[in-house]
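First up is the structure itself, then whatever we jot down about it.
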Amino acid sequence: MLQTIIDAINQRKTLALTYKQINREVEPHAVGKSSKGELLLRCFQTRGGHVEPGHEWDLLKVANISNLAATSQGFTGPRQGYQRGDKALDVILAQL
């Protein structure tokens, strides 16, 4: 699962996934470990449940993701509001 996320970040491909029983499509921007050692995914949600104006950015626990798949849909680059060196990630494994 982690390698799929890293590859999607490096190739700028969207991910389809289920999180908290809700299907979503996201643009992955960074993945890494929190200070507690949890794998986290910083992403911008483009489709699916939980999309509300002003709440497109998410920080997902990778352990709670299921049905993960890279799509053929690409994206051009970081969304407005993204900052490299995400403070929520103590160790960054991949980032735009």
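Readers should treat all values here as calculations from the given coordinates under stated rules, not as data from a laboratory. Everything numeric here is computed off the predicted structure, so don't read it as measured data. Cβ: placed from backbone, ideal geometry, glycine included. Neighbour counts: every protein chain shown.
Considering (1) part of a strand (DSSP E or B); (2) in contact (Cβ under 8 Å) with a residue 40 or more places away in the chain; (3) acidic (D, E), the lone condition that D7 does not fulfil carries the number (1).
Filtering segment 38-69 down to residues that are among the small types (G, A, S) and either more than 21 Å from D7 (Cα to Cα) or touching a helix residue (DSSP H, G or I) at 6+ places or on another chain (Cβ under 9 Å) (or both), which residue is surrounded by the most Cβ atoms within 10 Å (Cβ to Cβ)? Reasoning before the result, please.
First, the residues of segment 38-69 that are among the small types (G, A, S): 48-49, 54, 63, 66, 69.
Add one more test, that the residue is either more than 21 Å from D7 (Cα to Cα) or touching a helix residue (DSSP H, G or I) at 6+ places or on another chain (Cβ under 9 Å) (or both), and what stays is 48-49, 54, 69.
Details: G48: 15, G49: 13, G54: 5, A69: 10.
This residue is G48.
Any chance you could count how many residues in segment 12-31 are farther than 16 Å from T46 by Cβ and either among the acidic types (D, E) or touching a residue at least 24 places away in the same chain (Cβ under 8 Å) (or both)?
Count: 3.
When S72, S66 are checked against the criterion of being out of contact with any strand residue (DSSP E or B) (no Cβ under 6 Å at 6 or more places or on another chain) and part of a strand (DSSP E or B), a single residue qualifies: S72. State the number of residues belonging to segment 72-96 that are surrounded by 14 or more Cβ atoms within 10 Å (Cβ to Cβ) and among the β-branched types (V, I, T). Adding up the residues that qualify gives 1.
When restricted to residues that are surrounded by 13 or more Cβ atoms within 10 Å (Cβ to Cβ) and either under 16 Å from D86 (Cβ atoms) or under 11 Å from the mean Cα position of the chain (by Cα) (or both), segment 20-37 contains 11.
So if I check each of L2, L40, which one is over 12 Å from K61 (Cβ atoms) and in contact (Cβ under 8 Å) with a residue 40 or more places away in the chain?
Answer to the check: L2.
Can you find a residue in segment 44-57 that is under 9 Å from the mean Cα position of the chain (by Cα), assigned to a strand (DSSP E or B), under 18 Å from R79 (Cβ atoms) and charged (D, E, K, R)? No: segment 44-57 contains no residue that is under 9 Å from the mean Cα position of the chain (by Cα), assigned to a strand (DSSP E or B), under 18 Å from R79 (Cβ atoms) and charged (D, E, K, R). Pairing each residue of segment 76-93 that is closer than 18 Å to E56 by Cα with any residue that is part of a loop (DSSP other than H, G, I, E, B), provided the two are 6+ apart or on different chains, yields C-beta distances under 6 Å for P78/L96.
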